[in-house]
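Structure record follows, encoded as structure tokens.
The values are calculated or read from the model by the stated rules, or taken from the named source; none is laboratory data. The model shown is predicted, which means the values in this text are computed figures rather than measured ones. Positions of Cβ are backbone-derived with ideal geometry, glycine not excepted, and every protein chain shown enters the neighbour counts. For accessibility, only protein heavy atoms count, side chains too; no ligands or nucleic acids. Shrake-Rupley method; radii C 1.70, N 1.55, O 1.52, S 1.80 Å.
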Amino acid sequence: MSTAEKTSSIEEIPRLLFSRRSAAKALDVSVRLIDYAIASGLLEARRLNSRILILSDSLAKFAASDRVIPKTGAHCEACA
């Protein structure tokens with residue numbers, strides 16, 4: 001089997017998981033926005049050791065939705 005044949009067979013396998021950086025690049029958004037979406041439950045992620053991986057189906061659903069992502073973290077007293 002030649003190198004070209006190996007490469008073409010590997011490229012045909014669909015990606016099932018994306019890193020935070022890959023997901024951000026695929027959606028053309030920041031990694032921080034991906035983190036907010038995971039924290040708010042809009043993106044489904046899995047932890048593999050120290051890596052956080054986003055499911056491709058979840059990424060596709062997120063891209064198709066029109067949602068506002070709430071920023072999590074410290075809130076001011078006026079927001080409470």
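Some notes on this structure:
- Magnitude of the charge dipole for the stretch 14-62, about its Cα centre and with charges confined to Cβ atoms of Lys, Arg (+1) and Asp, Glu (-1), is about 200 debye.
- ³J(HN,Hα), Karplus 6.51/-1.76/1.60, whole Hz, each residue of the stretch 14-29, x for Gly, Pro: x, 6, 9, 10, 10, 6, 4, 5, 5, 5, 4, 5, 5, 8, 6, 10
- Rolled with a 1.4 Å probe across the full set of protein chains, the surface gives S50 an accessible area near 100 Å².
- Taking all protein chains together and a 1.4 Å probe, the residues V29, V68 rank V68, V29 from largest to smallest accessible area.
- Ligands, DNA and RNA excluded, the heavy atoms of R51 present near 130 Å² of accessible surface to a 1.4 Å solvent probe.
- Ranked order, I13, I52 - accessible area, probe 1.4 Å, largest first: I13, I52
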